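Read the structure below first, then the notes.
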Amino acid sequence: MSSIIIKGGSLFGEKVADLAVSNGKIVEPSSVGSDAVVIDAANCIVLPGLVDLHTHLREPGRENAETVLSGSRAGVKGGFTALSAMANTLPVADNAGVVEQVWRLGQATGLCDVFPIGAVTEGLEGKNLAEIGAMADSEAKVRVFSDDGNCVSDSLVMRRALEYVKKFNGVIAQHAQDPRLTVGAQMNEGEVSSQLGLKGWPTIAEEAIIARDILLADHVGSRLHICHLTSAGGVELVRWAKARGIAVTAEVTPHHLLLTDELARSYDPIYKVNPPLRRASDVQALREGLADGTIDIIATDHAPHPSESKECEWQEASFGMLGLESALAIANMVLVETGLLTWRGIAEKLSINPAAIAGYGDHGSDLSVGKAANITIIDPKREWRVDRDLMQSRSKNTPYHGMQMRGVARDVIYRGSVVLRNGEVHNG
Amino acid sequence: MKHLLSISDLSKAEALQILDTAQELSRISDAPVKKLPTLRGKTIVNLFLEDSTRTRISFEAAAKRLSADVINFGAKGSSVSKGESLKDTALTLQAMGADAVILRHSGSGAAKRLADQGWMSGAVINAGDGTHEHPSQALLDSFTIRKHLANGTGDLTGLKVAIVGDVLHSRVARSNVLLLNLLGAKVTLVAPPTLLPIGVESWGVNYSYDFDATLSGMDVVMMLRVQQERMSDFYFPNVREFSGYFGLNLDRTRAMTNNSIIMHPGPMNRGLEITAEAADSARSVIVEQVTNGVSVRMAILYLLLAGANEVAQLAEVSA
């Protein structure tokens, strides 16, 4: 593994300095020889590699939509050096065997770290706890548990799960959705759903679970992470909990920071996602929640689906949209260019904080000497147009097809190896 | 006008053109030979993926009176029941040269999907999509109202229409609200709070939870069908209580004033949202709605499928 020197980039968008890499670590620039690979990072932002806490990689079981390899390529293309594979695979990642399989698939690709998330309950059914301890002790060392796609709706099961993961400082990532209030739900409940005759998914169904789980986490003294927050009311609840010192963290997806329920008027299920796109006022509250620190991270909820799952009637279509390859550009456009966050802030939301929540020790670094060399070099001015036929993902269900974006991950270094160079994914 | 998907796609002039054309075509229905050669050689597919009798038969009669070839395609026993997607069904109909597809579907927005996706080039007519819209029903309802209460011409300015019952799940209500607003009528929705949609305040209508208080002064009382499956979802305690508060019975029929009329899109649940006395009363125009449905659907097919010259000719004849 040869040495690398990154010249003239702006670290965290704050200070222009050279950064050197050798043997998988960040080293003093003066210590590398003249044979080092030189990456010119002038006019670029240098951040610790991005970390996604919410990725659907579909393997095992739905390899027609995505594999660990294709998802890793999409991640690297998007600037990520760590992904967190959600548990809703077939079979479900509710035991040590499946999480170790996913972990090993990730290691074999060698493009980025793939950390499996374990199911909270057997089969994601919300009834009996999955083998949480065995998954934590496995080779995959799972620390984040989620039934994502389903809500752990039973109050007692949720309480026990929160308590149980304290044993190894784990965290429960809750998909907050009261199932009884969302039977058959298709989109945000509001004026648009009423006009379209599509069954509504009210924000209260999210907020009621968030409120309950905040109180449960406080009561048992455990860590709670709220997946994909979508509503202004949810932001208020998390703000209240943090003010009280409750150990809650929250995430928001790029699509909930950009898109609204008005898009459903097309009846094009490319915009069908769970939780659903909300109103413009919610989008604004989510952006402000990120800026003031109420929301800790941006996570993609990258959810690949084959074409036939979207080329159909709205009700028939699957929920979910691609996210890995567009997340950084959206963060740039809606947060940096609007002045809501600095590049330091982006590093926190897309790398440092998710790594801290999940305990990914080699990620989200301060780029100081001695740290693992997981680095993303960003060209913030580069304009590009989203083309669903040119995605690294095996699926094409991006809601941004044809949209002009600004900002792109140009180069990615993963554990000292260049895995993305000038936008081209290497090896794998 | 390429398709008929939603009343919201129509201008007032277009809506009135459909009603006026239906007025002309209704003469055919009274003639000894109920047939025009206008759509000879055109293929119209009745794609009814949700059970329906009256709407399918009405469109079929309309198409046949205009001499079109009609193919009926239902879900049961067809490729759709074997899991064929809407896309593949559409591609098949395109390959067979369908000039128009009349779609009834349980999914809201299905007709728009069929029209927008480029799967087929023919006209798409929405014959009811889920809980979204049923535009031809609203057009035949306005046609019927106009005939009785506006001398059969012009718009419906000033007329007061109550739409009563399960508004939340009603595609008939959605299309009627849009069209009646477009034509200048004043609409009041009457339902228990559980069966009014969220955000109804933005619909440009009045709404009431009290049927008796709204009856007086109404020109039209339009009852909606209550689906059996609503019984199990806590929208109201039981049928008796619903009928008591929101059913049209003999007492309420007597409380109606002036020349007001009773409408229902059918099929009726006699004894639930409407009693036999009300349905069969002198104020009821329910059977006539069915007759008018054929004329209105002839007008829709005529305007969508006939050449511009033929439409102009009809306009000249009626001028």
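State all residues of the stretch A:149-170 that are open to solvent by 10 Å² or more (accessible area, probe 1.4 Å) and not in a helix (DSSP H, G or I); if no residue qualifies, say none. Selection gives A:Gly149, A:Asn150, A:Cys151, A:Ser153, A:Asp154, A:Asn169.
Restricting the search to strands (runs of 3 or more DSSP E) fully inside the stretch A:361-428 and requiring at least 3 residues that are farther than 21 Å from A:Pro304 by Cα and touching a helix residue (DSSP H, G or I) at 6+ places or on another chain (Cβ under 7 Å) gives A:404-414. Scanning the stretch A:46-79 for residues that are of a type in the set (A, V, I, L, M) and either surrounded by fewer than 24 Cβ atoms within 10 Å (Cβ to Cβ) or closer than 22 Å to A:Ser309 by Cβ (or both) returns A:Leu57, A:Ala65, A:Val68, A:Leu69, A:Ala74. Residues that are open to solvent by 20 Å² or more (accessible area, probe 1.4 Å), within 13 Å of another protein chain (Cβ to nearest Cβ) and in contact with a helix residue (DSSP H, G or I) (Cβ under 6 Å, 6 or more places away or on another chain) within the stretch A:171-220 comprise A:Leu181, A:Glu191, A:Thr203, listed in sequence order. Each residue in the stretch B:17-75 was checked for being closer than 24 Å to B:Arg146 by Cβ, more than 20 Å from the chain's Cα centre (by Cα) and among the small types (Gly, Ala, Ser), and 1 pass. Filtering the stretch B:149-193 to residues that are of a type outside the set (A, V, I, L, M), touching a residue at least 12 places away in the same chain (Cβ under 8 Å) and farther than 20 Å from B:Ser11 by Cβ leaves B:Gly152, B:Gly158, B:Lys160, B:Gly165, B:Asp166, B:His169, B:Ser170, B:Arg171, B:Lys186, B:Thr188, B:Pro192, B:Pro193.
Quick one: would you say A:Ile330 is touching a Leu at 6+ places or on another chain (Cβ under 9 Å), more than 18 Å from A:Ile270 (Cα to Cα), touching a residue at least 12 places away in the same chain (Cβ under 8 Å) and of a type in the set (Val, Ile, Thr)? Taking the combined requirement at face value, the residue does not satisfy it. Checking every residue in the stretch A:287-300 against the condition of being in a loop (DSSP other than H, G, I, E, B) and within 14 Å of chain B (Cβ to nearest Cβ) gives zero matches. A single member of A:Gly423, A:Gly361, A:Gly370 is without any contact (Cβ under 8 Å) to a residue 60 or more places away in the chain and surrounded by fewer than 18 Cβ atoms within 10 Å (Cβ to Cβ), and it is A:Gly361. So in the stretch A:301-324, with the set limited to residues that are part of a loop (DSSP other than H, G, I, E, B) and within 25 Å of A:Thr249 (Cβ to Cβ), which one is nearest to the chain's Cα centre (by Cα)? Here the residue is A:Asp301. Scoring A:Lys167 on the criteria (1) closer than 28 Å to A:Leu83 by Cα; (2) within 14 Å of chain B (Cβ to nearest Cβ) leaves a single failure, condition (2).
The values are calculated or read from the model by the stated rules, or taken from the named source; none is laboratory data. Everything quoted here is computed from the prediction, not taken from an experiment. Here Cβ is always computed from backbone atoms with ideal geometry, including for glycine, and neighbour counts include all displayed protein chains. Areas reflect the complete protein model, heavy atoms only, side chains present, ligands, DNA and RNA absent. Shrake-Rupley method; radii C 1.70, N 1.55, O 1.52, S 1.80 Å.
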